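The values are calculated or read from the model by the stated rules, or taken from the named source; none is laboratory data. As the structure is a computational prediction, the values presented were derived from the model and not from experiment. Don't worry about glycine lacking a Cβ; one is built from the backbone with ideal geometry, like all the others, and counts go over all protein chains shown.
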Amino acid sequence: MKRIALAAIPLCAILLAAGGYAAASASAEGDAEPAESSAPAVDAPAPRTQFSIMGERTQGGWVRGLAPTGAVSARLGTQELVLEADGAFFAAFDRDAAGQEEFVATMADGSTIVTPVVIAPRNWNIEHVNVARSAGGASASFMERRRPELAQINAARTQDAPATGWEEDFIWPLTGRISGRFGSQRIYRGEPGSYHSGIDIATGGSGNPFVAPASGVVTLATDRPFSLEGYLLIIDHGHGLNSAFLHLSDIAVKEGDVVEQGQLLGHIGSSGRATGPHLHWSIKWRDARLDPLLFTGPMP
Ligand SMILES: [Zn+2]
């Protein structure tokens with residue numbers, strides 16, 4: 001049931017894009033081949049001699065895959081991957097990831113299997129403005145308020161909950177107008193500002209409900225508005241993947257809650273530093289910042 005779902009997952013678009021890999025992993029699960037007299041009469045799946053990966057091989061994108069059969073550990077570049085018993089894993093590529101990385105599996109005898117992956121560059125929306133970047137640093141009183149907030153956010157984003165959202169097809173937490181895209185950035189007289197770390201969804205007002213894009217565990221539900229994020233909610237989807245929701249008007253779940261995909265999480269608002277009511281949704285895999293659009297597909 002569970003892991004076969006990963007190989008045969010409803011990744012229609014992705015199956016088209018990565019036909020070779022997907023077909024190989026589907027038949028490796030033994031559910032694709034009709035019995036034929038010429039076929040060997042064995043039920044055991046053929047061992048995988050390479051990584052089988054499917055997903056969005058681009059900056060801000062993600063992949064799910066299966067490590068070679070018998071791998072005792074696996075990594076993407078220097079990042080150690082969490083391997084399920086059947087070799088299933090999740091990995092992703094930062095907004096600024098280089099053009100090529102390697103999946104490396106270490107086998108029981110110490111040998112390694114390397115599968116390179118090409119990461120397509122994106123055309124980020126970069127705006128050059130003839131304005132100096134805002135002068136001066138943060139005040140001492142602001143930093144005093146900010147430090148514990150950052151510590152709480154960091155603690156929430158580095159938890160490792162036994163959640164399975166990482167293997168689900170994400171849904172939109174809210175439908176509306178996309179008022180800010182992931183990755184866009186302003187350059188102030190040659191000096192780059194920080195890029196937009198999530199996607200903004202606006203409905204024209206406050207108070208609309210939003211739901212969990214995938215299942216997970218609540219690792220942060222603030223009881224007061226943080227200075228920038230406002231009321232902030234973080235959901236851990238497992239394997240180092242998590243979602244954050246900012247500027248909320250209220251939160252309907254509490255820390256430690258297990259949430260299902262589609263479950264009500266709270267209502268949108270404009271708490272914290274926001275120019276108007278909207279939902280800011282960001283996704284991270286460990287330190288890599290990812291594009292939510294690559295998890296959901298276009299806004300319906
Ligand atoms: Zn935003």
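A few comments on the model shown:
- The residues of segment 209-227 that are over 22 Å from the mean Cα position of the chain (by Cα) and either within 16 Å of the ligand (Cβ to nearest atom) or closer than 24 Å to PHE93 by Cα (or both), listed by number, are PRO225, PHE226, SER227.
- Screening TYR188, TYR195 for residues that are more than 16 Å from the ligand (Cβ to nearest atom) and among the aromatic types (Phe, Trp, Tyr) leaves exactly one candidate, TYR188.
- Test: residue in segment 270-282 that is on the phi > 0 side of the Ramachandran plot and without any contact (Cβ under 8 Å) to a residue 40 or more places away in the chain: no
- Selection within segment 236-252: residues that are over 30 Å from ALA85 (Cα atoms) and among the hydrophobic types (A, V, I, L, M, F, W, C). The member of this set that is nearest to the ligand (Cβ to nearest atom) is LEU246.
- Flag if GLY180 is modelled with pLDDT under 95, within 16 Å of the ligand (Cβ to nearest atom), out of contact with any helix residue (DSSP H, G or I) (no Cβ under 6 Å at 6 or more places or on another chain) and closer than 24 Å to ARG122 by Cα: no
- Test: SER227 is closer than 23 Å to ASP160 by Cα and among the small types (Gly, Ala, Ser): no
- Only listed residue being of a type in the set (Asp, Glu), out of contact with any strand residue (DSSP E or B) (no Cβ under 6 Å at 6 or more places or on another chain) and touching a residue at least 40 places away in the same chain (Cβ under 8 Å), chosen from GLU80, GLU84: GLU84
- Being surrounded by fewer than 24 Cβ atoms within 10 Å (Cβ to Cβ), away from the ligand (no atom under 16 Å from the Cβ), under 18 Å from the mean Cα position of the chain (by Cα) and on the phi > 0 side of the Ramachandran plot is a description that does not apply to GLY256.
- Strands (runs of 3 or more DSSP E) lying entirely in segment 169-248 (those with 3 or more residues that are surrounded by fewer than 23 Cβ atoms within 10 Å (Cβ to Cβ) and not basic (Lys, Arg)): 177-180, 185-188, 216-221
- Options ARG147, ARG64, ARG133, ARG122; residue that is surrounded by fewer than 20 Cβ atoms within 10 Å (Cβ to Cβ) and under 20 Å from LEU293 (Cα atoms): ARG122
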